Structure formats: structure tokens, C-alpha cells
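> My questions all concern the structure below.
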Amino acid sequence: MKIILLGANGRTGREVLSRALDAGDSVTALVRSKDRLADVTHSRLKVHVGNVCDPDALKEILPGHDVVISTLGPRMPTKAACVIYSKSATAIVKAMKEVGVNRLLVTSTALLFPSDKLIDRILGFIARQNSRYAGMMEETISASNLEWTIARLGFLNDKSSTEYRLTEGTLPDGGSSISRAAVAHFLLTEVRQSSYVNKILGVSR
């Protein structure tokens, strides 16, 4: 499999990168500067410097690839950080349509699922910019004619477990967190099986 990986330098992205290379995939990562991923070398890894919100930068590297995986997301729940969701989605969809690469998998936030729980409402208020721009990202992707899968995630952790559960329209019952290793395992499984094309999934432990 030939994968374009966006967000490769983040903790979840690095999990995807490591597992994809271990599985024999070829990965092309688009990063913001040369020092990103400088510690990772592999014969099947290509690292390009560019802006993930620039469709022209994406069009340069897309030809010949099978799928785009995006684990892009903000480090802080501020407007300036969260806008990466919507801006990157616009660029990704535009570039993929023009080049003819159709398969797209992205990670999003479980805060977009409706909830009557007080804690979820509090979290939703604190991270309202996260939800707003993640929602805009999902709208852009869902309105495209691409073969997309959106994985809405709860709290991420660094546990080693790769086990996960899936539910359409909500997080699995009792699930609020998931390991980055499990997220990577799901994304790479879905890349091969395409079991949830044009689906929005809740993914948790």
C-alpha cells in the first residue's frame, strides 16, 4: 500500500507511520520543516516539506498513492490551532479530486457526538473551537465524492493495547478513551479492508 500520511510528526501519526512501515507499506509524509521526522529513516519512507493546507503542495506528492491518512489536529483547543482541521480538509479534498486519489481516512473528535452528560457538555464548552472546526472538516469531507472514513476519537493515551471497538453515530458503550496504538491499528486495518466507506465511526477501547 502506498500511503500519504498527514500529521506524521504527531504522536498518533508516528504510531501510524511506524506500524505502516513495519507492515511493508510505503509512506510519504508531508511535514512543515526539515527537522520534522529527522529521527526516522527508512527505505520506504519519503519526507516532503510543505503546507498541508496548500492544495498545490499536496498535488505534488499525491500521484501514485493509494490512500491519504490524516491524523492532523490541534495541540491546544484554541481557534488558531483548531483551524488546521477545516483548512487542511479543504486542501485535501481539492487536491485529491484533481489528482484522482479517492480513498481518505481522517481522525476527528468524539465531542461531535450528541450527549446529555454534564461532563461532556463541560468538555464541549472548553473545547468548543475544536468541535467547531472539526465539524467543518467533516462537512467538507462528507460533501465530497471521495471514499472517506471518519474516526471520531475520545481521550487518547499511550498504552500499548491495540484493541478497539467501533460504533456508528456514537462512541461504543462505556468507551471514552483509546490508545494511539489502537487508532493506528484501526486506520491501517481499514485501509486494507474498506469496511466503513463513507461512515462516521466512534472508536474507543
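The values are calculated or read from the model by the stated rules, or taken from the named source; none is laboratory data. Source: prediction; values computed, not measured. Ideal geometry is used to build each Cβ from the backbone, glycine not excepted, and the neighbour counts take in all protein chains shown. The area values use the complete protein model at the heavy-atom level, side chains included, leaving out ligands, DNA and RNA. Shrake-Rupley method; radii C 1.70, N 1.55, O 1.52, S 1.80 Å.
> Carbon and sulfur together cover what percent of the accessible area of the chain at a 1.4 Å probe radius?
With neighbouring chains kept in place, the figure for the chain is 49 percent.
> Another question, then. Sort all Cα-Cα distances of segment 73-114 into consecutive 10 angstrom bins from zero, then give the percent of pairs in each bin up to the one containing the longest distance.
Calculated over all Cα pairs of segment 73-114, the distribution is 23, 46, 26, 4 percent.
> For the chain, divide the Cα radius of gyration by the Kirkwood radius and give the resulting Rg/Rh value with two decimals.
That ratio is 0.94, to two decimals.
> Right, another one. Could you work out how much longer the chain between K46 and S115 gets when fully extended? Use 0.36 nm per residue separation minus the Cα distance between them, nm to one decimal.
Contour length minus Cα-Cα distance gives 20.7 nm.
> Treat each spin label as a single point 7 Å out from the Cα along the C-beta direction, and report the K59 to K2 distance in nm.
Going from the K59 label point to the K2 one covers 1.9 nm.
> Along Cα→Cβ, 7 Å out, is where each label goes; now give me the distance between the ones at R128 and Q193 in nm to one decimal.
Rounded to a tenth, the inter-label distance reads 3.9 nm.
> Measuring with a 1.4 Å probe in the full set of protein chains, what accessible area per residue, in whole Å², belongs to the chain?
Using a 1.4 Å probe on heavy atoms only, each residue of the chain averages 50 Å².
> Name the residues of segment 183-201 whose amide N is less than 18 Å from a point 7 angstrom out from the Cα of E163 along the C-beta direction?
183-187
> Per the helix-only calculation at 222 nm, which mean residue ellipticity applies to the chain, given -39500 (n - 2.57) for every DSSP H run of n ≥ 4 and division by its residues, nearest 500 deg cm²/dmol?
Helix-only estimate at 222 nm: -12000 deg cm²/dmol.
> Continuing with the same structure: Give me the base-10 log of I(q)/I(0) for segment 91-205 at each q in 0.22, 0.23 Å⁻¹, Debye formula, one uniform scatterer per Cα, rounded to two decimals.
For segment 91-205, the Cα-only Debye profile gives -1.27, -1.34.
> Once you have the Cα-Cα distance between K79 and S177, take 0.36 nm times their residue separation minus that, and quote the gain in nm to one decimal.
Using 0.36 nm per residue and subtracting the Cα-Cα distance, I get 32.9 nm.
> State the number of lysine pairs found in segment 1-119 whose Cα atoms come within less than 21 Å, restricting to pairs 8 or more positions apart or on distinct chains.
12
> Another question, if that's okay. Taking a ≥ b ≥ c as the square roots of the eigenvalues of the Cα gyration tensor of segment 1-62, is the shape rounded (a/c under 1.5), prolate (a/b larger than b/c) or oblate?
Note, shape of segment 1-62 comes out prolate.
> Report the Cα centroid-to-centroid distance between segment 138-205 and segment 25-48 in angstrom, as an integer.
Each part's Cα centre sits 24 Å from the other's.
> Semi-axes of the equivalent ellipsoid for segment 155-205, please: Cα gyration tensor eigenvalues, times 5, square-rooted, ordered largest first, whole Å.
Whole-Å semi-axes of the equivalent ellipsoid: 17, 15, 7.
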